[in-house]
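The block underneath contains the structure these notes are about, expressed in structure tokens.
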Amino acid sequence: MAGILEQERVGASSMAEQLLRNIGPIVLLGPPGAGKGTQSKNITQHYRIPQVSTGDLLREHVRQATPLGVEVKELMARGELVPDHLVCDIVAWRLREPDAQRGFVLDGFPRAQKQAVWLDAFLKFEFFETGKWPAWLPIVVRLQVDYNKLLLRIAGRRTCPTCGRIYNVHSQPPLVNEICDVDGSKLFIRDDDREEVIRERLATYERQTKPVADYYERLGRVVTIDGDQPVDEVTARIVQEIDGRAAAASEGK
Ligand code: AMP
């Protein structure tokens, strides 16, 4: 009995520690289909920090038909990038929310070098006075997956409209065909996951996002992880990197 209570006490205190720890900004880089969405969800659950997905934020604007949503709807449906100033604005708003003050996972941002430069300046400006900067520079994790595997993965992707859970008809099918395991909603194919748009998105990624990886590479801030492994193994590798960096930062290295 005492053993169980002791385990519960240790469990509760490590959860409390987890809730107090500063994790900092985490940037997940990788082409569409590399597993950024799935890994963001796992990492945010592990550290109890929010996922900031610019794709999700923009889709929400489109769904609610806000002025921004109306402006970007067509661009997004064609798989093109939304102008930098619009995306940077919604990111700034989101990162100032109280839940993002211990850290956050950026998913789908930065996607152009200008956005990466903007992010560094924003983090310095926002966090300099808190004493968190320069440790508050992003940890950049790049997920690498072979091009043909990416095509297969995206074409098989299905999304739940209610809980946002992502399935794959090839590698992670739902228990019942086209139905969400969690809430029974009918799964859908995102407009920009359709075959004709996928190649354009991959080409856009190559053309515009690779400079982001190169930018961080030049600053020596990129960790490359093989994204073509079981989901949990990829998560464990990412956690290992983040813990290593967070520990080094807290020792003032
Ligand atoms: P995602 O869900 O990350 O694949 O994003 C879906 C779409 O949202 C992209 O194809 C772009 O049209 C737009 N988008 C998301 N993030 C960005 C960004 N950082 N910069 C420009 N456009 C973006």
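What follows draws every value from the coordinates through simple rules; no lab data is involved. Every value quoted in this text rests on a predicted model; they were computed, and no experiment measured them. Counting neighbours? That spans all protein chains shown, and the Cβs are built from the backbone with ideal geometry, glycine included.
Need the list of aspartates and glutamates near LYS114 for cross-linking: C-alpha distance under 14 angstrom, and skip anything on the same chain fewer than eight residues off.
Here the aspartates and glutamates satisfying the reach criterion relative to LYS114 are ASP84, ASP89, ASP214.
Cysteines without a disulfide-compatible partner in the chain, using Cβ under 4.7 Å as the rule?
Among the cysteines of the chain, those whose Cβ sits 4.7 Å or more from every other are CYS88, CYS163.
Across region 162-177, in residue order, what do the Karplus-derived ³J(HN,Hα) couplings come to in whole Hz, using 6.51 cos²θ - 1.76 cosθ + 1.60 with θ = phi - 60° and x for Gly and Pro?
Result, rounded to whole Hz: 8, 9, x, 5, 10, 10, 9, 4, 8, 10, 9, x, x, 5, 10, 3.
At a Förster distance of 41 Å, what's the computed FRET efficiency of HIS170 paired with LYS124, Cβ-Cβ distance as r, to 0.05?
Step by step, r from the Cβ atoms, then E = 0.45.
Roughly how big is the chain's charge dipole about its Cα centre, with Cβ charges of +1 (Lys, Arg) and -1 (Asp, Glu), in debye to the nearest 20?
About 240 debye.
Assigning unit charges at the beta carbon (Lys, Arg +1; Asp, Glu -1) and nothing else, what dipole magnitude in debye, to the nearest 20, does region 123-252 show about its Cα centre?
240 debye
For PHE188, PHE122, what's the fewest-to-most ordering of other Cβ within 10 Å of each Cβ?
So the residues, fewest neighbours to most, are PHE188, PHE122.
With each run of n ≥ 4 DSSP H residues scored as -39500 (n - 2.57), what mean residue ellipticity at 222 nm is computed for the chain after dividing by its residue count and rounding to the nearest 500 deg cm²/dmol?
-16000 deg cm²/dmol
Students often check this: by mean Cβ neighbours within 10 Å, which of 43-50, 229-236 ranks highest, and how do the rest follow?
Going from most to least packed, we get 43-50, 229-236.
For the chain, treating each Cα as an identical point scatterer without solvent, what Debye log10 I(q)/I(0) comes out at q = 0.10, 0.14 1/Å?
Reported log10 I(q)/I(0), two decimals: -0.52, -1.02.
To one decimal place, what Kirkwood hydrodynamic radius in Å is obtained for region 79-205 from all pairs of distinct Cα atoms?
17.2 Å
Taking region 34-131, which GluC sites (Glu not before Pro) meet the DSSP loop condition and have no more than 13 other C-beta atoms within 10 Å?
Those that pass, being in a loop and sparsely packed, are GLU129.
Computed FRET efficiency, Cβ-Cβ of GLU200 and ASP56, R0 22 Å: what is it to the nearest 0.05?
0.60
Take the alpha-carbon centre of region 138-154, take the same for region 67-122, and report the distance between them in whole Å.
When both Cα centres are located, 20 Å separates them.
Computed FRET efficiency, Cβ-Cβ of ARG218 and VAL70, R0 51 Å: what is it to the nearest 0.05?
Plugging the Cβ-Cβ distance into 1/(1 + (r/R0)^6) gives 0.85.
Mind running the shape call on region 193-232? Use the C-alpha gyration tensor, a ≥ b ≥ c as the square roots of the eigenvalues: rounded below 1.5 for a/c, prolate if a/b tops b/c, oblate otherwise.
oblate
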